[in-house]
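Written below as structure tokens is the structure these notes are about.
The values are calculated or read from the model by the stated rules, or taken from the named source; none is laboratory data. All figures in this text were calculated on a predicted structure; none of them were measured in a lab. A quick note on method: Cβ atoms are made from the backbone with ideal geometry, for glycine too, and the neighbour counts reach across all protein chains shown.
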Amino acid sequence: MTQIVELQRHGDVAVIVVDNPPVNTITAAARAGMTDAMQQVAADPSVRAVLLRTGGNNFFTGADINEFSGPPREAEYRELWARFENSPFPTIAALHGSALGGGLELAMACHFRIATPTAKFTLPEVTLGIIPGAGGTQRLPRLIGLDNALRMIFDARPMDAPKARELGLIDAIIDGDFVSGALAYARDLAARGVGPRPTSARSVDAGQINPAFEEKWYAEARRMYPNRTAAQTAIKAAMASTLPIEQGLLEEDKYANQTKGTVEARGAIHVFFAERESRKVDTTNKWHLWVMPEGASMDDIGWQERDVSYEENRNVPGLRQRAL
């Protein structure tokens with residue numbers, strides 16, 4: 001098992017803890033560690049429940065966007081998600097901070113979802129020119145309904161815990177110490193002999209899909225995302241949630257991989273990486289500058305030529321610079 005994934009035992013509850021700084025991205029190493037942990041759990045007949053939680057300030061914040069330019073990984077995600085969803089005992093996702101994209105999709109593959117009062121849930125994919133491709137378009141409609149699911153996918157904004165509880169996206173909000181509260185929730189399920197409750201076993205009524213439904217959502221996609229196609233593709237994928245889960249996931253996979261090759265997606269992902277790079281600051285370097293200490297006059301007599309560290313440049317009050 002990789003070091004970023006730890007398997008703990010608390011009586012008959014197995015706890016999988018993933019700590020993958022800085023933001024708990026679902027990297028290949030994280031997937032491998034969780035697969036290993038679930039294989040160990042499946043081989044232990046004394047386990048009655050599995051609790052999945054993360055370290056740090058967030059639940060999983062999504063898939064590794066660095067993998068988007070490589071071969072499709074959706075099958076890997078489906079296989080790992082299936083280990084949680086097809087477990088013979090209840091699997092519980094404990095969500096805190098932000099649960100984004102693939103992180104939320106993993107939580108939806110678990111049987112129960114609990115969260116802190118301040119947790120936030122987001123599917124931001126359409127803003128990157130793609131669609132949720134790890135089960136989001138199939139499991140979200142099963143949990144909160146097709147209309148609510150499309151609204152959440154289109155808005156791509158954080159949903160707070162009370163609203164998520166109201167819609168049925170999560171099952172409980174845990175006040176107080178979250179680690180102990182989540183474990184108590186899992187222990188209670190185990191003690192009561194609660195069995196698995198796979199999201200895939202739920203159904204979405206195909207009768208609601210008619211010309212009026214389609215026109216409403218395609219018009220909304222054009223309004224919110226003019227000259228872009230990802231939201232319209234998300235409609236097609238979400239409507240496939242009326243199919244059995246295996247078929248729906250294959251439809252989602254097809255549409256997700258279509259979106260990755262569009263100009264829209266390539267451009268949006270390029271901007272994402274560019275903005276991320278622009279936020280990086282090398283705090284170890286020094287700059288050789290002309291500086292004006294606080295209180296000195298603004299004429300040339302007051303200027304001093306010297307090296308300035310990042311911390312001094314940022315924190316010293318009144319420090320002024322001019323180009324050499």
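Given the conditions (1) assigned to a loop (DSSP other than H, G, I, E, B); (2) touching a helix residue (DSSP H, G or I) at 6+ places or on another chain (Cβ under 6 Å), and given that residue 138 satisfies all but one, which numbered condition is not satisfied?
Only one criterion in (1) assigned to a loop (DSSP other than H, G, I, E, B); (2) touching a helix residue (DSSP H, G or I) at 6+ places or on another chain (Cβ under 6 Å) is unmet by residue 138, namely (1).
Does residue 56 satisfy the criteria of being within 20 Å of the chain's Cα centre (by Cα), small (Gly, Ala, Ser) and in a loop (DSSP other than H, G, I, E, B)? Lay out the reasoning, then the answer.
Details: within 20 Å of the chain's Cα centre (by Cα): yes; small (Gly, Ala, Ser): yes; in a loop (DSSP other than H, G, I, E, B): yes.
It is true that residue 56 is within 20 Å of the chain's Cα centre (by Cα), small (Gly, Ala, Ser) and in a loop (DSSP other than H, G, I, E, B).
Could you list all residues from the range 39-80 that are buried (at least 23 other Cβ atoms within 10 Å of the Cβ), modelled with pLDDT of 85 or more and not β-branched (Val, Ile, Thr)?
Across the range 39-80, the qualifying residues are 49, 51, 52, 59, 60, 62.
This table checks each residue for (1) within 27 Å of residue 265 (Cα to Cα); (2) without any contact (Cβ under 8 Å) to a residue 24 or more places away in the chain; (3) of a type in the set (A, V, I, L, M, F, W, C).
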{"site": "16", "(1), (2), (3)": "no, no, yes"}
{"site": "37", "(1), (2), (3)": "no, no, yes"}
{"site": "76", "(1), (2), (3)": "yes, no, no"}
{"site": "90", "(1), (2), (3)": "no, no, no"}
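How many residues, within the range 5-57, are farther than 24 Å from residue 194 by Cα and either touching a Ser or Thr at 6+ places or on another chain (Cβ under 7 Å) or among the hydroxyl-bearing types (Ser, Thr, Tyr) (or both)? Working first, answer last.
Step one: filter the range 5-57 for residues farther than 24 Å from residue 194 by Cα, giving 5-6, 18-33, 36, 55-57.
Retained after the next criterion (residues that are either touching a Ser or Thr at 6+ places or on another chain (Cβ under 7 Å) or among the hydroxyl-bearing types (Ser, Thr, Tyr) (or both)): 18-20, 23-25, 27, 29, 32-33.
The qualifying residues number 10.
Return a yes/no flag: does the range 83-98 have any residue that is over 26 Å from residue 188 (Cα atoms) and in a loop (DSSP other than H, G, I, E, B). Break it down into steps so the answer makes sense when it comes.
Step one: list which residues in the range 83-98 are over 26 Å from residue 188 (Cα atoms), which gives none.
No: the range 83-98 contains no residue that is over 26 Å from residue 188 (Cα atoms) and in a loop (DSSP other than H, G, I, E, B).
In the range 76-132, what residues are of a type in the set (Gly, Ala, Ser) and within 24 Å of residue 166 (Cα to Cα)?
Restricting attention to the range 76-132, the residues satisfying the condition of being of a type in the set (Gly, Ala, Ser) are 82, 87, 93-94, 97-99, 101-103, 107, 109, 115, 119, 129.
If the condition is that a residue be of a type in the set (Gly, Ala, Ser) and within 24 Å of residue 166 (Cα to Cα), then 93, 94, 97, 98, 99, 101, 102, 103, 107, 109, 115, 119 are the ones that fit.
Show the residue pairs that are 6+ apart or on different chains and have beta-carbon atoms under 9 Å apart, the first residue being within the range 100-114 and closer than 11 Å to residue 77 by Cα, the second being among the β-branched types (Val, Ile, Thr) and in a helix (DSSP H, G or I).
So the pair list comes out as 109/199.
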